[in-house]
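The next block holds one structure in the form of structure tokens; read it before the comments.
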Amino acid sequence: MVWDVVVVGAGPAGSAAARACAEEGLTTLCIEEHGTIGYPVQCAGLLSVSAFAECDVSERSVTNRVTGARMVSGLGGEILFDARTTKACVVDRSLLDREMAERAADAGAEFLLKTSVVGIRGSSILTRGVRGREEIPYRLIIAADGPRSSVARMLGLRRAEVYLAGVQAEVPYTMDPRYVELHPNASPDFFGWVIPVSGTRARVGLCAREHAKDHFDRFIARYGENSLHLVSGVIPLGVMPQTYGRRALVVGDAAGFAKPTSGGGVYTGVRSAKHAAAVVAACVARGTFDDASLRDYERRWKEDFGKELDIGMKALRLRQRMTPEEIDRLCRALNDEDLIETIVEHGDMDRPGALLRRLALKPALARAMGILFASGVRQILTGQ
């Protein structure tokens, strides 16, 4: 049998791709290297309302809902944003991933677990797993196999620019369950977070380019010694130069679609998966599988969220140039009634560009932060 599409990876992006392809009437096989979908967990588990809606599942994986965030500089500056309406969901990622795979299977996709891709020969995937060694013919591949995508490597596609290491522990901790805490000075490259699973339990973590475990050990020390669950993972930042080629489309973290402002990848991963499925369906209907036919995938995702990823990378580079003292100044500067109102009204975890444009027009913020903020935001918004 020649499969219309083989999806590699059964995370949210892979299961969304498999479901969308199956719903298009395509013969769809999803290959997953682990024996259990949703394990090991490699995600903070905080999804924007939009990201959760894109997953199109029930609410059984939701453990908490948050309405705002508290940013803490660690040097005295602190600010609270509260939208007074749900802005994000805290989820059990293992439950979410499994339900997304179930929805894909209900649509007609087949799953092959405990199976690794070990090579590509012509238009066949070579696998090793529970059924031994196999050669699986396909018309197209959707690579959804995560930050270190083996499929992209086998096809000779260039990878993401930057990789951050993330470490997170779930700990007993009493906090207001309405608010996520952000600690920008917990990591020199990114930030630390405290995500309320409930009023008495939280996920504490951070990301860094180097020495992530050392930064994490210092950060989590303030939250006690009892760790209920420790996870680690990798976040790719910076989209690969070309996300298609040689009968393959690359989606989600495999393509470097994680958001540079938050590290989240579910929203862009599922969106990219749906774009990929639409292009696969069109190619199968026409019987054309060359690069020129696949190029429409890149056009689609760029029009959807490409500009936001570009703005996010520029914002991240600006943040990485800031000293702890400058971050503290920013935190204090943002503690202004007008600025808080602007952030609450226009803040969007998935599409930060509109908020940055509005903040750039606020004289009070530019005065407080001086040349660094004014010139940095100008570069972000003008693309210079």
In whole percent, the fraction of accessible protein surface over the chain that belongs to carbon or sulfur atoms, probe radius 1.4 Å, stands at 49
In terms of the charge dipole of region 66-118, which places +1 on Lys and Arg and -1 on Asp and Glu at the beta carbon, the residue among 90, 117, 68 farthest towards the positive end is 68
Computed about the Cα centre, the charge dipole of region 256-374 from +1 Lys/Arg and -1 Asp/Glu charges at the Cβ has a magnitude in debye, to the nearest 20, of 300
Taking a label point 7 Å from the Cα of residue 58 along Cα-to-Cβ, the residues of region 96-130 whose backbone nitrogen sits under 18 Å from it are 96-107
Once the mean of 1/r over all distinct C-alpha pairs in region 47-172 is inverted, the Kirkwood radius in Å reads 18.7
Where a ≥ b ≥ c are root eigenvalues of the Cα gyration tensor, a/c under 1.5 meaning rounded, otherwise prolate if a/b exceeds b/c and oblate otherwise, region 304-357 counts as oblate
Region 253-327 and region 183-225 have their Cα centres apart by a whole-number Å value of 26
Given a 1.4 Å probe, the accessible area of the chain per residue, as a whole number of Å², is 44
Sorted list, accessible surface of protein heavy atoms, 1.4 Å probe, largest first, for 92, 56 is 56, 92
Of 62, 280, 250, the most mobile residue in a GNM of the chain (C-alpha springs, cutoff 10 Å) is 62
Judged on accessible area alone, 1.4 Å probe, highest first, 65, 300 line up as 65, 300
Env charge @ residue 64, Cβ radius under 13 Å, K,R +1 / D,E -1, value +1
Taking only protein heavy atoms and a 1.4 Å probe, the highest-to-lowest accessible-area order of 274, 314, 259 is 274, 314, 259
Length gained, residue 230-residue 123, 0.36 nm per residue minus C-alpha separation, equals 34.6 nm
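What is the extension gain from residue 282 to residue 102, computed as 0.36 nm multiplied by their sequence separation minus the C-alpha to C-alpha distance, in nm to one decimal? Spell out each step's value before the answer.
On the way: separation 180, 0.36 × 180 = 64.80 nm, distance 2.48 nm.
That works out to 62.3 nm of additional length.
The values are calculated or read from the model by the stated rules, or taken from the named source; none is laboratory data. Computed from a predicted model, the values in this text were never measured in an experiment. Neighbour counts are summed over all protein chains in view; Cβ atoms, including those assigned to glycine, are modelled from backbone coordinates with ideal geometry. Heads up: the accessible areas ignore ligands, DNA and RNA and are worked out on the full protein's heavy atoms, side chains in. Shrake-Rupley method; radii C 1.70, N 1.55, O 1.52, S 1.80 Å.
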